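Here is the structure we will look at.
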Amino acid sequence: MPWRGYPHRHPGPADILLVIEVADSTLRRDLAIKLPLYARNAVAEVWIVDLTVDRVIVHRNPDPLTQRYRSRFEVEPDGNLDIAALPGTTLPAEPLFRPPPPEAASAGG
């Protein structure tokens with residue numbers, strides 16, 4: 001049977017493997033407001049793609065009581081990102097910082 005979404009409820013933190021926030025002008029808000037909310041609700045992993053300095057800030061292992069993450073590290077554009085909930089899944093960070101090809105940019109408008 002094909003997956004039919006969440007017919008009787010909205011998805012909750014246990015349903016979320018990873019949240020990705022992309023920040024340029026919102027970095028301060030993402031770190032100060034959104035990140036504690038994710039930790040309080042036990043979202044297991046959050047990546048903040050910081051476009052201001054080309055890095056991904058990875059947060060794992062939430063502590064709902066302190067509303068903080070116990071693990072934080074940064075990945076540079078030449079690094080790789082592993083999804084904790086999907087062992088063996090590795091993604092290169094570089095495409096997150098590369099502008100889209102001209103044909104992709106013009107297709108939207």
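The values are calculated or read from the model by the stated rules, or taken from the named source; none is laboratory data. No experiment lies behind these values; they were computed from the predicted model shown. Every residue, glycine among them, receives a Cβ derived from its backbone with ideal geometry; neighbour counts consider all protein chains shown.
Determine which member of the set His59, His8 is closer than 24 Å to Leu86 by Cα and not small (Gly, Ala, Ser).
His59
When you go through (1) modelled with pLDDT under 95; (2) exposed (fewer than 12 other Cβ atoms within 10 Å of the Cβ); (3) not aromatic (Phe, Trp, Tyr) one by one for Leu37, which number turns out not to apply?
Failing condition for Leu37: (1).
Take the stretch 14-34 and flag every residue that is surrounded by fewer than 13 Cβ atoms within 10 Å (Cβ to Cβ) and closer than 23 Å to Thr89 by Cβ. Break it down stepwise before answering.
First, pick out the residues of the stretch 14-34 that are surrounded by fewer than 13 Cβ atoms within 10 Å (Cβ to Cβ): 14-15, 20, 24-25, 28-29, 32-33.
Scanning the stretch 14-34 gives Ala14, Asp15, Ile20.
Would you check which residues across the stretch 10-38 are of a type in the set (Gly, Ala, Ser) and within 29 Å of Arg98 (Cα to Cα) and list them?
Ala23, Ser25, Ala32, listed by residue number.
Pick from the stretch 40-50 the residues that are crowded, with 16+ Cβ neighbours inside 10 Å and either touching a residue at least 60 places away in the same chain (Cβ under 8 Å) or not aromatic (Phe, Trp, Tyr) (or both): which of them is farthest from Asp78 (Cα to Cα)?
Ranking the qualifying residues of the stretch 40-50, first place goes to Arg40.
Could you list, in sequence order, all residues of the stretch 1-51 that are among the polar types (S, T, N, Q) and over 16 Å from the mean Cα position of the chain (by Cα)?
Of everything in the stretch 1-51, just one residue is among the polar types (S, T, N, Q) and over 16 Å from the mean Cα position of the chain (by Cα), namely Ser25.
Restricting the first residue to the stretch 23-38 and requiring it to be among the hydroxyl-bearing types (Ser, Thr, Tyr), which pairs with a second residue that is surrounded by 14 or more Cβ atoms within 10 Å (Cβ to Cβ) and part of a helix (DSSP H, G or I) meet a Cβ separation below 9 Å and a spacing of at least six or different chains?
Filtered contacts from the stretch 23-38: Thr26/Lys34; Tyr38/Pro13.
Do we have Val22 as closer than 26 Å to Pro11 by Cβ and either in a loop (DSSP other than H, G, I, E, B) or not polar (S, T, N, Q) (or both) here?
yes
Is there any pair linking a residue in the stretch 67-86 that is without any contact (Cβ under 8 Å) to a residue 40 or more places away in the chain to one that is of a type in the set (Phe, Trp, Tyr), with Cβ under 8 Å and at least six apart or on different chains, and which?
Close Cβ pairs (under 8 Å, with a partner that is of a type in the set (Phe, Trp, Tyr)) amount to Pro77/Phe97; Leu81/Trp47.
What residue, among those in the stretch 51-90 that are hydrophobic (A, V, I, L, M, F, W, C), surrounded by fewer than 14 Cβ atoms within 10 Å (Cβ to Cβ) and closer than 17 Å to Leu18 by Cα, is modelled with the highest pLDDT? Steps first, answer last, please.
Let us first name the residues in the stretch 51-90 that are hydrophobic (A, V, I, L, M, F, W, C), namely 51, 53, 56-58, 65, 73, 75, 81, 83-86.
Then keep just the ones that are surrounded by fewer than 14 Cβ atoms within 10 Å (Cβ to Cβ); that gives 53, 65, 73, 85-86.
Within this subset, residues satisfying the condition of being closer than 17 Å to Leu18 by Cα are 73, 85-86.
Numbers: Phe73: 98, Ala85: 93, Leu86: 94.
The qualifying residue modelled with the highest pLDDT is Phe73.
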